[in-house]
Amino acid sequence: MKAFIALVHREYIEHKGAFLLGPLILLTLLFGIIILAFTVGRVDMRMSGAVLTVVPLIVYEIGFLGLGFAWSLYLTATLFFYCADGFAADRRNNAMLFWKSMPVSDFTVLLSKLTAAITILPAIVLAIAMLSGVLLFGVAFATMLVNGTATMAALGAIVGIYGQVALALTVALVASLLWYLPFMAIVGAMATAVGRWAIPIALLLPVLVATLEWVTLGGLHPFVTHTWRFLEYRAAPPASNYADQWFAGFEDQVAPNLSTPRFDGLGFAGDLLGHYDWTQMGLGIIFALGVLYLASEYRRRSNDN
């Protein structure tokens, strides 16, 4: 277990630039832009009546959700590039013999890389997203201080919004990581053979499989086959009816009154998990482990030769 933890820690050390330093730099720039927008008068804080109390809360809620979505896009791109790079790093930097000298199997080494991709590395980006919410929290409360509406009730409302959005982001992240685990495993497995070219090859592979079905079984074209429809289903992120309805009714929600409904993180999480395809998730985990085992066998045999 100590060796496995050391391998996961190695992945963090080798890729902390993309998952820690880079996001921190982006967060610093973003916060600087927000502060600059307020100091140079780009944001008009002159409000009155109920708008004075409600609008900062709405802006904070939408802003935190938007930042969370932006960080999820960053994480998605970074994770797939990590799989293409991390699974081929040993061969590229001539460290293969060193890592093969450790008392762990090739499967354990590859499993540590995939484990890092769904645990410590996304957890760092999630922590940065939470820090984004804290900084936005400060901006929202500072706006209320300027407007003279910074009461304990307003502070409690902001804290409540932060907790609800943070819960939703955490649940969505875990659900998405498990859902996309087979795709990350495929990219990583291919990277053991072709290195960083794994991403374009992984994107081309579904087209080839769909084309093979079209050629052998017939159909209008490769993109109306059973293979392609299944891939479209598996490529779509886990959906929540609550989120769709909340965004669809947003125009009614932003009416400036104190009874404006807030985003319900518990409602979102319950709806997302209720519509989650657990069978496909389980099959995806089994598929990912199988692909990883085949890649480890290729890695072991290719290096032995």
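The values are calculated or read from the model by the stated rules, or taken from the named source; none is laboratory data. If you're wondering where the values come from, they're calculated on a predicted model, not measured in any experiment. Here the Cβ is made from the backbone with ideal geometry for all residues, glycine too, and neighbour counts use every protein chain on show.
Side notes on the structure shown:
- Among the helices (runs of 4 or more DSSP H) confined to the range 155-251, the ones with at least 1 residues that are without any contact (Cβ under 8 Å) to a residue 24 or more places away in the chain and within 29 Å of His275 (Cβ to Cβ) are located at 198-217, 226-235, 241-248.
- Flag if Gly49 is out of contact with any strand residue (DSSP E or B) (no Cβ under 8 Å at 6 or more places or on another chain), at pLDDT below 90 and among the small types (Gly, Ala, Ser): yes
- Residue identified as surrounded by fewer than 20 Cβ atoms within 10 Å (Cβ to Cβ), farther than 18 Å from Met1 by Cα and modelled with pLDDT of 90 or more among Ala127, Ala154, Ala150: Ala127
- Just one of the listed residues (Phe250, Phe230, Phe263) is modelled with pLDDT of 85 or more and hydrophobic (A, V, I, L, M, F, W, C), and it is Phe230.
- Yes/no for Ala18 being modelled with pLDDT under 70 and not in a loop (DSSP other than H, G, I, E, B): no
- Looking across the range 1-11, the residues that are surrounded by fewer than 16 Cβ atoms within 10 Å (Cβ to Cβ) and part of a helix (DSSP H, G or I) come down to Lys2, Ala3, Phe4, Ile5, Ala6, His9.
- Failed criterion for Leu75 (all others in (1) modelled with pLDDT under 90; (2) in contact with a Pro (Cβ under 7 Å, 6 or more places away or on another chain); (3) of a type outside the set (Val, Ile, Thr) hold): (1)
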